[in-house]
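See below for the structure under consideration.
No value in this document is a laboratory result; all are computed from the given coordinates. Note that the structure is a prediction, hence the values are computed from the model and not measured. Neighbour counts run over all protein chains shown; Cβ positions are idealised from the backbone, glycine included.
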Amino acid sequence: MANTKTPQPGLAKRESAPADPDLWIRMYQQMVQIRLFEEQVNDLYKTARMPGLAHLYSGEEAVAVGVCNALRRDDYITSTHRGHGHCLAKGASLDRMFAELLGKAPGYCRGKGGSMHIADQDTGNLGANAIVGGSAGIATGAAMSAKMRGADQVTVCFFGDGALGQGVLYEVMNMASLWKLPVIYVCENNLYNEYTHYTETTAGELTARAKAFGIHAETVDGQDVRGVYEEARQAVNRARQGEGPTFLLCDTYRYYGHHVGDIQRTYYRAKEEEDFWRTERDPIKLLAGWLVEQQVSDTVTLDQMMADVRAEVAAAVEFALAAPFPDVSEVDQHVYA
Amino acid sequence: MANTKTPQPGLAKRESAPADPDLWIRMYQQMVQIRLFEEQVNDLYKTARMPGLAHLYSGEEAVAVGVCNALRRDDYITSTHRGHGHCLAKGASLDRMFAELLGKAPGYCRGKGGSMHIADQDTGNLGANAIVGGSAGIATGAAMSAKMRGADQVTVCFFGDGALGQGVLYEVMNMASLWKLPVIYVCENNLYNEYTHYTETTAGELTARAKAFGIHAETVDGQDVRGVYEEARQAVNRARQGEGPTFLLCDTYRYYGHHVGDIQRTYYRAKEEEDFWRTERDPIKLLAGWLVEQQVSDTVTLDQMMADVRAEVAAAVEFALAAPFPDVSEVDQHVYA
Amino acid sequence: MSTPSATLSQTDAHAVREITLAQAVREALAEEMRRDPTVFIIGEDVAEAGTPFKVLSGLVEEFGPTRIIDSPISEPGITGLGVGAAMTGMRPVIDIMFGDFIGLIMDQLANQAAKVHYMSGGKLNVPMVVRTTLGATRRSAAQHSQSLHAWVSHIPGLQVVLPSTPYDAKGLYKTAIRDNNPVIVFEDKMMYQLKGSVPEGEYTIPFGVAGIKRQGTDITIVATSSMVQVALTAAENLEQIGISAEVVDPRTMFPLDKATLIESAKKTSRAIVVDEGYERYGVTAELAAVIAEGAFYYLDAPVKRMGAMDVPVPFSPVLEDQTVPTPAALTELAKTLCGRA
Amino acid sequence: MSTPSATLSQTDAHAVREITLAQAVREALAEEMRRDPTVFIIGEDVAEAGTPFKVLSGLVEEFGPTRIIDSPISEPGITGLGVGAAMTGMRPVIDIMFGDFIGLIMDQLANQAAKVHYMSGGKLNVPMVVRTTLGATRRSAAQHSQSLHAWVSHIPGLQVVLPSTPYDAKGLYKTAIRDNNPVIVFEDKMMYQLKGSVPEGEYTIPFGVAGIKRQGTDITIVATSSMVQVALTAAENLEQIGISAEVVDPRTMFPLDKATLIESAKKTSRAIVVDEGYERYGVTAELAAVIAEGAFYYLDAPVKRMGAMDVPVPFSPVLEDQTVPTPAALTELAKTLCGRA
Ligand SMILES: Cc1ncc(C[n+]2csc(CCOP(=O)(O)OP(=O)(O)O)c2C)c(N)n1
Ligand SMILES: Cc1ncc(C[n+]2csc(CCOP(=O)(O)OP(=O)(O)O)c2C)c(N)n1
Ligand SMILES: [Mg+2]
Ligand SMILES: [Mg+2]
């Protein structure tokens, strides 16, 4: 494993964001929902009830939740292979998510997309993408479209540190800057491109790559949902007011393997590193701690909330398991509109 | 035409480079050779004696000549659609260049390449390339190869401001920086991507795009051959000593159209701009002035040199015009080695 | 596919003029931009320059630089932008200056544009047109002379259009722009000055309907794009010696009008397929295979293919001219096939 | 082409073991890296991870990280690097994790790698190998399940290899690495654990020589890569009912062993071509067209094609399983063709 700035436990001290207790509670709930969703996905995989693989978002919840809460429902997002968190945070429902992951008819894509391709136009989700960097163009084009249509929609493009290797990202950042497009590039730096540490693949300073194109860039602690939300809110405001794109670098971590089958990880990352992030940098624990400390909520309430979400997730997975597969005749439908 | 920093006439004052009168004279001669070669190419086109089109290098001679004089014969270059100057500066002979442009058998590529694809392994020329940015990978790979083979060869990748739009450039700059490859990216900013001013297509500050990847970057007056040579020499030294890549941004100008057929140019650039560069910023005049001022040479000698080159060019074009076309049976040779 | 149910030609009372293929393309784009404000064009040097071939000249004057957009030299980027814009309410036309450059955008076309509708279970659409070129013999060498339409024809989700006349160009472009799926149009660079009759105003040509460019009874020549003129010249040569050749232009590689190709071959019992793409694994293979299978019991001779020679296109005119099918070569092949060589 | 003049199998006295296709690939690469210091491998997660399919496991331990190089996720970039390295004395192996990603490198392959030798008038060479995958049914959905070998097969200057057994994989890889031209090798993801007899040590299989995987007299099944096993199973089914099927594997799409395909079809008088790429404008078209033309006067029935269904590969297993040719479907088609349905 290569050198990297050691992350600090806990939360950085900063001005408390404008207080809206309901908002923080909602974010807590959403992060828990994503966490429990992903644990259920892992379980479906381990019990051989899910076809294929999935890339879990556990550990990174604060990024999707912080960013998506700064968006309107009619704003757009594009997502990645590690996309469940983005979809849920933007408003997808648990049952249709599970159904899609199981290849069932009520799934968001009628089972045609699966884990890596969930799209839902009702919540502005233009789709997860299994090509690394593959949605950079789509997101920037959606932003261009909004501008041309005179709509004030903003588009968020989520991608991982690995996508910094894809040239198309620089091509579209250039155009986004030239034309002041309302797009926010959210880079989730979870330290790894699959099984390779990002410092082995990524030269220079990451935000400099956006700044070089005249794009406003910020680095934010991706485990601090309030911090992410605050930066995202500012970026959204800028975008909505025609001030152009922003690049948000979010430092974060994935708790599980690259995908559900990646169990033996010690050859590329230390158990201690995983433990540190799980115990000291967990976004859910950190928010819970703050909520209790600020007396916005208390442990009992939060625990109850978690139990409620757990029940919801269980019901959703039951729904999906019981749901029918699409009829085989659907196989050649939807090739052309 | 968009905003751009107004270039200043004449040469910037700077420390005189280490004096080697022969070197400056050789550079003068090479720049004249390129200039007269290109004038001859334009004439071949206008008199309908050349098939296809060509992109003339006139006005940009100081870049190729300054850079290539800092290289050894066994160092590599890659070139562009506007490549005649690079090829000649790296050591190509006039007669085989003309022959290639006319599609004749003695041409560098037996007539198969033409103006945009001249390659010559004997002088380390890995080939001109008609895909904008198309040689970025090749140049970086040649540098990687040199490093792997333990050779101390350096590779120069010439490209235009327009190539900054191609994502692959950023992909390979990242790797060149990561692995400290002996490659020099020479960006010839002649202000235009074909018929569009670079400021309309290129956001941010140009050298920042290289610096973002941790690449050493410099801007140099591309009309001042001594300045180009000096920067190139330093970059070559760095590369040869294993200190990694350099990005050299050379401000320059093309006197003719994008290609020989681009005669009506006023819709995209002002006649006054062309005149200014031709009269105040001409690299040949500027060097000649300095040579005389420094008493390294005198007008009579320089004029004689120009006359000699003119005769050489005339002889070379005669050779090419008289040369045979390849036999038609060659058409399916060289598809596979 | 929502191809308009239009008849082949809805010319109504419109005046018919002789215009060039370049003018026909421009007219189609201009008309569609007038009727639909969501149509825009983006590409390198498309605005004031009107592209190097001047096909788009004048459009920026009418529609302004917010709808005729000069882009950086970023083919993957602008195609990606196009996909996103198309998914969110616009109808982009992506201008890729030379067909040789589609290698840069194959990921955007095949993995994004072609699959969005299907992967989303039919919810999202990509009504995007890519316009680009094909064709050799401009002495432009190996990276500016290819006809790579076979690549996109291979990909489910894409539609591929090869107009061979000004009339077809206008009618097919209008259909392309109104279609809700990605369409790639290849224009032959050498045909821009070709003139033909084109009605003023509204008409569309549906996809998947071949054009019989010449009726005949002895042999079928299936020809695409640039090769239609070659086939028509060959057909005239053949007529001199009493061979009646039918020239069929599929117009769209996908959807492919298999029925018309097969019917023609059944009628004539002989077929040649001619296309300017590389022969190996090119579109001639598909067309020949379709005919050989569909007309099997009617054929008196094997279906023959003529594509571009399987070499990178050489610069030297003496070599380049060897690489493309010519009327003379096609005439000879047809004569042989008809037992007249 | 400088394919070695080796016989099909130069096994000498080497021991023959049963190993998997993954092991055969790794063994070929390791042996070539031992004998030639200019061979190196670059790609995403190729070193310690040994690729997601673990095909390269152990190589970095033997050859170190300067010859087994983990790259950024930059497919166009590493392919470009490969071309430049190959032109200057190295023999790079470029690892493209999934065949679906070749859309990203088509420009580097078709405009650079394939053309350097020709454009330079024969002076520069590009001895580069690209290894990638094909094949569906891993429940990986539309962007990780394609078989796109038709694209590269179309391009003069490229060679395309599709090994269908461990034995072929080793022998063909060794030829690929020693060849002085760019070669793209497609490995079927589903066959990595397929076992077969492979000699230890040195042997090569020349390009352009089809393998007869099973002798037969009644019908020819031309099958590529993953489809060879499907064809062999179908052939067993057919044997049960007295139909003797010959299974021919072209092994290399280019150079293509047309003679063996045609001879087999002439002998059996019936042919089916089966391949896992999309059917339309896919390699089945070329193979079928070649046979239909070459064996025209011997065929008792039209040449039939089976490719992947022309849809983006769906995720849902019930749908995905519809899209690929199966032994059952192939058996049925063969029966029909032999008049036994
Ligand atoms: C163009 C492309 N190349 C390679 C892959 C294979 N791949 C899938 S995920 C991945 C790593 C992505 O890393 P990162 O962007 O950091 O996202 P993370 O998985 O860490 O969330 C790779 C290489 C791919 N899907 N697309
Ligand atoms: C990938 C690609 N896109 C477009 C073109 C068409 N084209 C040829 S030269 C050129 C402009 C290049 O501008 P620049 O790089 O600044 O070089 P210059 O001509 O100014 O020397 C364009 C767009 C091309 N050859 N390759
Ligand atoms: Mg990552
Ligand atoms: Mg320029």
- Identify, among C:M119, D:A49, A:H259, the residue whose Cα sits farthest towards the positive end of the charge dipole of the protein assembly as shown, taking +1 on the Cβ of Lys and Arg and -1 on the Cβ of Asp and Glu, with the dipole about the Cα centre. C:M119
- Sticking with the crude label model, points 7 Å out along Cα→Cβ, report the distance from C:D36 to A:R72 in nm, one decimal please. 2.6
- Message: Which log10 I(q)/I(0) values does the protein assembly as shown give at q = 0.04, 0.05, 0.06 Å⁻¹ under the Debye formula, counting every alpha carbon as one identical point scatterer?
- Response: -0.23, -0.36, -0.52
- Task: Could you tell me the distance between the Cα centroids of segment B:20-92 and segment A:250-329, to the nearest Å?
- Result: 63
- Task: Among DSSP beta bridges whose residues both lie in the protein assembly as shown, state the antiparallel percentage, nearest 5.
- Result: 20
- Could you tell me which residue in chain A puts its beta carbon nearest the axis mapping A onto B, with the distance rounded to whole Å? A:G167, 1
- Residue by residue through segment B:278-295, which ³J(HN,Hα) values in whole Hz follow from phi under the Karplus form 6.51 cos²θ - 1.76 cosθ + 1.60 (θ = phi - 60°), with glycine and proline marked x? 5, 8, 9, 10, 6, x, 6, 4, 4, 5, 4, x, 5, 4, 5, 4, 7, 6
- Query: Taking the Cα atoms of segment C:14-76, what is the range of coordinates along each of the three principal axes, in descending order and whole Å?
  - Reply: 39, 25, 22
- Query: Build a GNM of chain A with springs between Cα atoms under 10 Å: which of A:E188, A:E243, A:E272 gets the top mean-square fluctuation?
  - Reply: A:E272
- Query: Given the Cα atoms of segment A:165-254, and with Rh set as the inverse mean 1/r over their pairs in the Kirkwood sense, what is Rg to Rh to two decimals?
  - Reply: 0.98
- Note on the structure: To the nearest 10 degrees, the tilt of helix D:226-240 (Cα long axis) against the first principal axis of the alpha carbons of chain D is 30
- Task: Any lysines with Cα under 17 Å of the A:K104 Cα? List them, leaving off those in the same chain fewer than 8 positions away.
- Result: A:K112, C:K123
- Task: Just tell me which lysines come within less than 23 Å, Cα to Cα, of C:K335; anything on the same chain fewer than 8 places away is out.
- Result: C:K213, C:K266, C:K267, C:K304
- State the volume of the convex hull built on the alpha-carbon positions of chain A, expressed per residue in Å³ and rounded to an integer. 134
- Tell me which lysines have Cα within less than 21 Å of C:K54's Cα, excluding those fewer than 8 residues away on the same chain? B:K46, C:K170, C:K174, C:K189, C:K195
- Normalised by the residues of chain C, what does the relative contact order come to in percent, with Cα pairs under 8 Å and at least six apart? 18
- Message: For a quick check, take a GNM of chain C with Cα springs below 10 Å and name the residue from C:T66, C:T79, C:T233 with the largest mean-square fluctuation.
- Response: C:T66
- Message: Give me Rg/Rg_expected for segment B:10-125, where Rg uses Cα atoms only and Rg_expected = 2.2 N^0.38 Å with N residues.
- Response: 1.11
- Query: For helix C:75-87, what angle does its Cα long axis make with the longest principal axis of chain C, in degrees from 0 to 90 and rounded to 10?
  - Reply: 70
- With an 8 Å cut-off on Cα pairs and a minimum separation of 6 or more residues, tell me the relative contact order of segment C:7-204 in percent. 30
- Message: If you average 1/r across every pair of different Cα atoms in chain C and take the reciprocal, what Kirkwood value do you get, in Å?
- Response: 20.2
- Item | Beta bridge orientation in segment C:7-204: antiparallel %, DSSP, nearest 5 | 20
- Mind checking D:317-326 for the average number of partner chain beta-carbons within 10 Å of each residue's beta-carbon? 5
- Query: Helix C:21-35 sits at what angle to the longest principal axis of chain C, using alpha carbons and giving 0 to 90 degrees rounded to 10?
  - Reply: 40
- Query: If you project the alpha carbons of segment D:211-337 onto the principal axes, what extent comes out on each, in Å, largest first?
  - Reply: 43, 34, 23
- Mind putting a number on the dipole of chain D about its Cα centre? Charges go on the C-beta only, +1 for Lys and Arg and -1 for Asp and Glu, and I need it in Debye to the nearest 20. 520
- Taking the label point 7 Å from Cα along the Cα-Cβ vector, the copy-to-copy distances for A:D152, listed from shortest in nm with one decimal, are 6.4
- Query: Can you give the helix-only mean residue ellipticity at 222 nm for chain B, where every DSSP H stretch with n ≥ 4 adds -39500 (n - 2.57) and the sum goes over all residues, rounded to the nearest 500 deg cm²/dmol?
  - Reply: -13000 deg cm²/dmol
- Note on the structure: Rounded to the nearest 5, the percent of antiparallel DSSP beta bridges in chain B equals 10
- Query: Which of rounded, prolate, oblate describes segment D:7-204, given a ≥ b ≥ c as roots of the alpha-carbon gyration tensor eigenvalues and a/c under 1.5 marking rounded, otherwise prolate only if a/b is larger than b/c?
  - Reply: rounded
- Taking chain C and counting helices only, DSSP H stretches of n ≥ 4 at -39,500 (n - 2.57) each over all residues, the nearest-500 ellipticity at 222 nm comes to -9500 deg cm²/dmol
- Note on the structure: When A:H81, A:H259, C:H144 are arranged by how many other beta-carbons sit within 10 Å of their Cβ, fewest first, they go A:H259, A:H81, C:H144
- Query: What is the mean number of Cβ atoms from other protein chains located within 10 Å of the Cβ atom of each residue in peptide B:198-208, rounded to a whole number?
  - Reply: 6
- at C:A259 the sorted inter-copy label distances (label 7 Å from Cα on Cβ side), in nanometres, are 4.4
- Item | At 1.002 mPa s and 20 °C, Stokes D of segment C:191-247 from Kirkwood alpha-carbon radius, µm² per second | 166
- Note on the structure: Expected vector for segment B:206-219, Karplus 3J(HN,Hα) from phi with 6.51, -1.76, 1.60 and θ = phi - 60°, integer Hz, x for Gly and Pro, equals 4, 5, 4, 5, 7, 4, 4, 9, x, 9, 5, 9, 9, 10
- Note on the structure: The residues C:E18, C:E27, B:E273, sorted from fewest to most surrounding Cβ atoms within 10 Å, come out as C:E18, B:E273, C:E27
- Task: Would you mind listing the distances between the B:K46 label point and the same position in each other copy? Use 7 Å along Cα-to-C-beta, nm, one decimal, shortest first.
- Result: 8.0
